[in-house]
Amino acid sequence: MSARLEVVDLSVGFRTRRGIVQALTQVSVSVAPGERLLVVGESGSGKTVLAHALLALLPHNVDISGAIRLGDQALLELSPAELRRTRARRMALIPQSPASALNSVRRLGGQLVEAARARGLSEADARRRLRELLAELDLDLDAVGGRYVHQLSGGMQQRIVNAMALVGEPDIVIADEPTSGLDSDLVDTTAAQLRAISARGASLLVITHDLRLAERLGGRLALLYASRIVELGPTAAFFQAPSHPYGRELLRALPEREGKSIPGMSPQLTALPSHCAFADRCPDRFDRCGEAIPDLYPDPGGALARCFLHAAG
Amino acid sequence: MLRAEAITKTYRAAGGRLAAVDRASLVLERGARLGLAGASGAGKSTLAQVLALLLAPDSGSVTIDGDRVGAWGVRCRRELRHRVQLVFQAPRMAVDPRLRLGDAILEPLAASCLLPAGAGARRALLEGWALRVGLTSDLLERYPHEVSEGQLQRACLARALVVRPRYLICDELSSMLDVSTQAALLETIAAIQAEQALGVLLITHDRVLAGTWCEATIDISALSAASERDDAAATVRERPWNIRRFRSRGTFRSA
């Protein structure tokens, strides 16, 4: 039942009054069952658009090209009805803020069962599965089911949305900024739960700007900058020695490293340059960087980096 | 020197009152960078609002450069309130979405009838602050939804600084920014702080950040006597769904 998620040459542009906002350019990634892929980048780099594209939640003013495949299904070619069905049965989203994603005026039990029924479970199966899942997360369906969301702590709310995402065994789980605004002890708990999710066999895609969470999660990491993937490789290798200058400068900005900001600003998405987008801020810039957009070149550590430094010859 | 002594602030909660801040004392010197760390729900933001003279404590005193604060909020005289300014956590919620950035920055002066006369003088003042906080002048014409979170937080910083405070309290100002933006903003604050001998209180749950950026860091739980806190927690123990109890004790138990 587990299937591989494959994104091939995905480009997304928004038609706006200020012109085309190019949010993603030729992004190709894949996530195998049981694998964790972390999509990391600053705000405006396109990472949330990627999550929304996978879930077909993009607005109407969007131009989208490329392919998204979940197992043998090509998601961009499905009819709206098929898409809704696939999304309900096979995909799950762990939302950014559990407190606002859950309905605040309904008891949690009803919401949990409703989510499970949408995955195609019968009422009895839904309750049984939820009971098991919540028990694994140290919660009791009967106890929390009668509560409202504001009556639970942040950690318990997080576990509720995790259970909601896992019920019915989705093929892919997408977590969008799962730790924004959480304390460091809650970040640890969330990281452990996310690892447990992928250990169950689901493909896990985590969208985050929290580098410390990324380091704890491991797996593979895709670094986005100005709508393109600039580095793709094992997370551990990235934190040891990033191959792209942007990755290196980003890690230097962490307070525990040097706390040094990257000079300049990332380019406007309405006017992306026709050369390396990071060239203007890059300390390693040389002539070629101002002439063309680099491909993803393999570096000695096994990662791919969109940088001419790694181009052969 | 900004001195707070034995500040206690309680809120009404189901079945009693809940001490958000319990007899906390701290001293912030001009030109110093002090960190205040602690888990969410530990009372950091309540203390920040008391220090910024926005929220009256139940008991305790605040003294600013020798002047003892007698009233909080609008009842406090303006000159005293201007000495301590606060930058809030979420810039999108801290500014009026209908104001252009430039107008938002000057709003505190306008509200206090302190705007310089003449469009030229106002423009010069505005551009001076924009330059200091690292905003380009074209951004001053934009609305909050047209700029990034980091740029908006810079405008909020300028907005706090226009009234020439002596002390600046930053309440989780960078927790929603990415690391490079956070580093850039803190570099800006450090430069202004040195230039104007500002006393900065950086409130954050990121102990690593507090430890590296500040000269000293205090933990909110260490501000008040531990035995008292246990008693306060004990009074809410019978109400298992009390959010504060779960957060402040850091334990999550299924009921």
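The values are calculated or read from the model by the stated rules, or taken from the named source; none is laboratory data. Since the model is a prediction, treat every value here as computed from it, not as a measurement. No Cβ is skipped: glycine too gets one built from the backbone with ideal geometry, and neighbour counts run over all protein chains shown.
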Candidates A:Leu57, A:Leu10, A:Leu37 - the one that is outside any helix (DSSP H, G or I), closer than 26 Å to A:Val149 by Cα and not small (Gly, Ala, Ser): A:Leu57
In this structure, is A:Leu141 surrounded by 20 or more Cβ atoms within 10 Å (Cβ to Cβ) and within 14 Å of another protein chain (Cβ to nearest Cβ)? yes
Please enumerate the residues belonging to the range A:254-296 that are under 23 Å from the mean Cα position of the chain (by Cα) and more than 30 Å from B:Leu186 (Cβ to Cβ). A:Asp295, A:Leu296
For the range A:106-135, what are the residues that are part of a loop (DSSP other than H, G, I, E, B) and either surrounded by fewer than 16 Cβ atoms within 10 Å (Cβ to Cβ) or β-branched (Val, Ile, Thr) (or both)? A:Arg106, A:Arg107, A:Gly120, A:Ser122
How many residues, within the range B:164-175, are surrounded by fewer than 24 Cβ atoms within 10 Å (Cβ to Cβ) and within 15 Å of the chain's Cα centre (by Cα)? 6
Checking the structure you have, find out if any residue of the range A:163-186 is within 20 Å of A:His209 (Cα to Cα), more than 7 Å from every other protein chain (Cβ to nearest Cβ), at pLDDT below 85 and assigned to a helix (DSSP H, G or I). yes
Do you know which residues across the range B:65-87 are part of a strand (DSSP E or B) and free of Cβ contacts under 8 Å to residues at least 24 places away in the same chain? B:Asp67, B:Arg68
Within the range A:144-153, residues being assigned to a helix (DSSP H, G or I) and buried (at least 17 other Cβ atoms within 10 Å of the Cβ) number 4
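Conditions (1) among the β-branched types (Val, Ile, Thr); (2) touching a strand residue (DSSP E or B) at 6+ places or on another chain (Cβ under 9 Å); (3) farther than 30 Å from A:Pro283 by Cβ, marked per residue:
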| position | (1), (2), (3) |
| --- | --- |
| A:Asp140 | no, no, yes |
| A:Gly145 | no, no, yes |
| A:Met156 | no, no, yes |
| A:Ser184 | no, no, yes |
| A:Ala191 | no, no, yes |
| A:Leu217 | no, yes, no |
| A:Arg228 | no, yes, no |
| A:Pro242 | no, yes, no |
| A:Leu251 | no, no, no |
Quick check on A:Arg220: is it surrounded by fewer than 24 Cβ atoms within 10 Å (Cβ to Cβ), modelled with pLDDT of 90 or more and more than 11 Å from chain B (Cβ to nearest Cβ)? yes
Check the range A:84-92 and report whether any residue there is farther than 21 Å from A:Val206 by Cβ, away from chain B (no Cβ under 14 Å) and part of a strand (DSSP E or B). no
Grab the helices (runs of 4 or more DSSP H) fully contained in the range A:196-307, keeping just those with 1 or more residues being under 30 Å from A:Asp138 (Cα atoms) and among the polar types (S, T, N, Q). A:235-240
So is A:Pro59 more than 20 Å from A:Val29 (Cβ to Cβ), buried (at least 17 other Cβ atoms within 10 Å of the Cβ), within 19 Å of the chain's Cα centre (by Cα) and not hydrophobic (A, V, I, L, M, F, W, C) or not? no
